[in-house]
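Just so it is clear, none of the values below were taken in a lab; they were calculated from the coordinates. The structure presented is a predicted model; accordingly, all values stated were derived computationally and were not measured. Using ideal geometry, Cβ is built from the backbone for each residue, glycine included, and neighbour counts are taken over all protein chains shown.
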Amino acid sequence: MSFQSKLGLDDLKVAVVEADLRVLLMVLVHLTGDEKWLQAPFKPKRDIRLIPDPSAGLPPEVQQIIRDSAVDLLASEKLPVIHDPGDEMMRRMMSVSLGEDVPEEYARMNREEMGLKSRLSDLPVGTDTTSPKEVLIVGAGICGIALAFSLKQLRIPFSIVEKRTDVGGTWFVNRYPGCGVDTPNHSYSYSFGPRYRWPRYFSKREDVQAYLTKVVDEFDIRSHIRFGTELTGSQWNEASNCWVSTLECSGKTEVVRTSLLVSAIGQLSDPSVPSIDGDGDYEGVKFHSTKWPDDLQVTGKNVAVIGTGATAMQFVPSIVDQAKSVVIYQRTPQWARPIPGYTEPISDGTQWLLERVPFYAEWFRFNMFWRYGDGLLKFLKKDPEWLYPNRSINSINDRHRQEMLDFIKSELGDRQDLVDKCIPTYPPYGKRILLDNGWYKTLKKSNVELVVEPIEGINKTGIKTRDGVQRDADVIVYSTGFKVSEMAARLNITGASGIRLADQWANDNPSAYLGLIVPNFPNFFCMLGPGSGPAHGGSAVFQAECQARYISESVIQMNRVGVDALKIRPEVHDAFMKKFDAEHESLIWSHPGMSTYYRNRHGRVFSVLPWRFVDYWAMTHDPDFAEFDKTYAQSVASIAG
């Protein structure tokens, strides 16, 4: 490809000035196959910042050699020498790019994550995997789209039911001001398909929604989706080894039979609204943040916000300058870290590199994925010898605490009243870490009040706290999260022997093998189910693609060996959960000094992954049928009947 013919040599020279040199070096390796680019003097310095210095710590004269060489090669017609470098070379390239040693187990995973190697089944190209086993997917969000792509590429029949009018899931539903990602878009996106032109490193929900819409249309997934259609119940039929599902659309009921059923509604789909005395008496505008009215005007209004999690941290700074006043009711303060570049647009030069330079977007994605990936997890383990377990869990965690503490104090300045309210008593990362987008500066504004006194009740005109203070409000916004423990249990699913998922997961204690598979529920998968949520970094998109691989490979293996039904053996599930619970006991999320939606009311961490992402990738890459009880094939007619 001639880049000179596209934008001209001068454009190319301008663009490479903005290049991240640790990324551009890897491009040179792909283009030339020359390993000199992995050796001194070209080795980047290690930079652990989430958005690192693009000069990679290299001397100016070395930087210029890299840029000049890139211009010469990209302006030529030469095709890349290396597409997929293989595991050994991949590890070297990753290690040099980051300036640190990368363990070998990351090589194959990142070859897939970067699209250098297909994430789909290893079946030979052209093998016919068409199956009578149709898959019914519930939900057309991140998970449903990931699975639909895999199934479509493998020619496995499927359909999606989505109760809303368009795709996107949480990104379609959440429309509050300031809504956006807190993971860089270049890793919060699928490994497949053309790279999307994200306007910022951390984009808003409109951009995420537009991206998901583009993916669905580009790969003809939309034709498989039934919008405005809700699953009202599904029951496993043991005689015919299929799921019998009841769907409702426009007041009409339909019964469908499919071999497999997949919940793709994730963990954050059902809003949680606390029960507060007098809530029904309030005469103003009141809603959960997921129900933000499109026509809401806050100009000149007194706004009350209940909750100070990630959602509030996004929308409060977005409305504060329009509102007459904003009163924020805080139960627990949050740790937040500053991210340089969080609100900045991606420059034209960088966009050009991402769109036009071979392998640039792939390695840019890798760098972002790594920085938001497994690096933090090893610092979230409890040190039993640590002398200050109330404030932190080890020496590194204590250093992180001090860094965030210093940031809070620098932002709030002489407002000691706010400093006292904003410093958490639990270790950093014990709850979801938040990204500061002007939150602390917002709290200092003259029309903002942060209230830490517990709420006594709501009345006709506003909110009264236990100290007897009444604060009137024109608008009350519940920013109180989701019913995380319900997940697929709210879909009215009944498995083998008439066991209801809601009953099996009762007492606020759901569990699933690999966060995907539930005993007594054959041929059923719950994507982003209990125990698979990302907590130490990463991206829900990565988790969804791992699980999509596992599910689609399971269908292929069922076809290969003639299996009609798979049911996880209880002892396999129980052994997995024993390891899961033991691992969490050593990690920060089981720290006793806090409450978090990661943990149920009994203190058990149930929702998030305790292992590295590379471990989860390996766990979910290839299903082991020895872990299942299997029912071997009956005739297709029995399923259809």
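Straight-line reach from residue 382: which lysines fall under 23 Å, measuring Cα to Cα and dropping same-chain residues less than 8 apart? Result set, ordered by chain and number: 431, 578, 579.
Of the residues 82, 121, 308, the one whose Cα sits farthest toward the positive end of the charge dipole of the chain, with +1 on the Cβ of Lys and Arg and -1 on the Cβ of Asp and Glu, is 308. Reported value for the range 525-624: 106 Å³ per residue, from the convex hull of its C-alpha atoms. Binning the alpha carbon pair distances of the range 303-381 at 10 angstrom intervals from zero yields the distribution 13, 28, 27, 23, 9, 0, expressed in whole percent. Label separation (residue 17 vs residue 490): 5.3 nm, computed from points 7 Å beyond Cα along the C-beta direction. The ranking of 48, 463 from fewest to most other beta carbons within 10 Å of each one's beta carbon is 48, 463. Dipole magnitude for the chain: computed about the Cα centre from +1 point charges on Lys and Arg Cβ and -1 point charges on Asp and Glu Cβ, it is near 540 debye. Our coupling estimate for the range 89-98, obtained by passing each phi through the Karplus curve with A = 6.51, B = -1.76, C = 1.60 and θ = phi - 60°, is 5, 4, 4, 4, 5, 4, 5, 5, 4, 8 Hz, Gly and Pro reported as x.
Other residues lying with their Cβ under 13 Å from the Cβ of residue 480 contribute a combined charge of +2, Lys and Arg counting +1, Asp and Glu -1. Provide the net charge surrounding residue 118, with neighbours chosen by a C-beta distance below 11 Å and charges set as Lys +1, Arg +1, Asp -1, Glu -1. With Lys, Arg at +1 and Asp, Glu at -1, the neighbours total +1.
Net charge near residue 179: determine it from the other residues with C-beta under 15 Å of the C-beta of residue 179, scoring Lys and Arg +1 and Asp and Glu -1. Net charge around residue 179: +1.
Sorting 90, 487 on the 10 Å Cβ count, fewest up front, what's the list?
90, 487
Separation of the range 497-528 and the range 410-458, taken as the distance between their Cα centroids, equals 38 angstrom.
Sorted on the mean count of surrounding Cβ atoms within 10 Å across their residues, most packed first, peptides 249-257, 623-631 read 623-631, 249-257. Please find the FRET efficiency linking residue 253 to residue 291, where r is the Cβ-Cβ separation and R0 is fixed at 25 Å, and quote it to the nearest 0.05. That pair, residue 253 with residue 291, gives E of 0.40. The value obtained for the range 13-164, namely the Cα convex hull volume divided by the number of residues, is 174 Å³ per residue. Between the alpha-carbon centres of the range 363-409 and the range 278-334 there is a gap of 31 Å. Only Cα pairs under 8 Å and 6+ residues apart enter the sum, and on that basis the relative contact order of the chain stands at 17 percent. Spread over its residues, the convex hull of the C-alpha atoms of the chain is 177 Å³ per residue.
The phi torsions of the range 294-310, fed into the Karplus equation with coefficients 6.51, -1.76 and 1.60 and a -60° offset, translate into couplings of 4, 9, 5, 10, 9, 4, x, 9, 8, 10, 10, 10, 9, x, 9, x, 4 Hz, rounded to whole numbers, with Gly and Pro shown as x.
Placing unit charges on the Cβ atoms only, positive for Lys and Arg and negative for Asp and Glu, gives the range 490-593 a dipole magnitude near 260 debye about its Cα centre.
Partners of residue 252 within straight-line reach, counting lysines whose Cα lies under 21 Å from its Cα and excluding those fewer than 8 residues away in the same chain: 163.
Estimated from the Cβ-Cβ distance and a Förster radius of 35 angstrom, the FRET efficiency linking residue 466 and residue 414 is about 0.80.
Footprinting exposure proxy ranking of 206, 88, 113, 553, fewest other C-beta atoms within 10 angstrom first, gives 88, 206, 553, 113. Computed over the Cα atoms of the range 365-462, pair by distinct pair, the Kirkwood hydrodynamic radius stands at 16.1 angstrom. Counting only DSSP beta bridges whose two residues both lie in the chain, roughly 45 percent are antiparallel.
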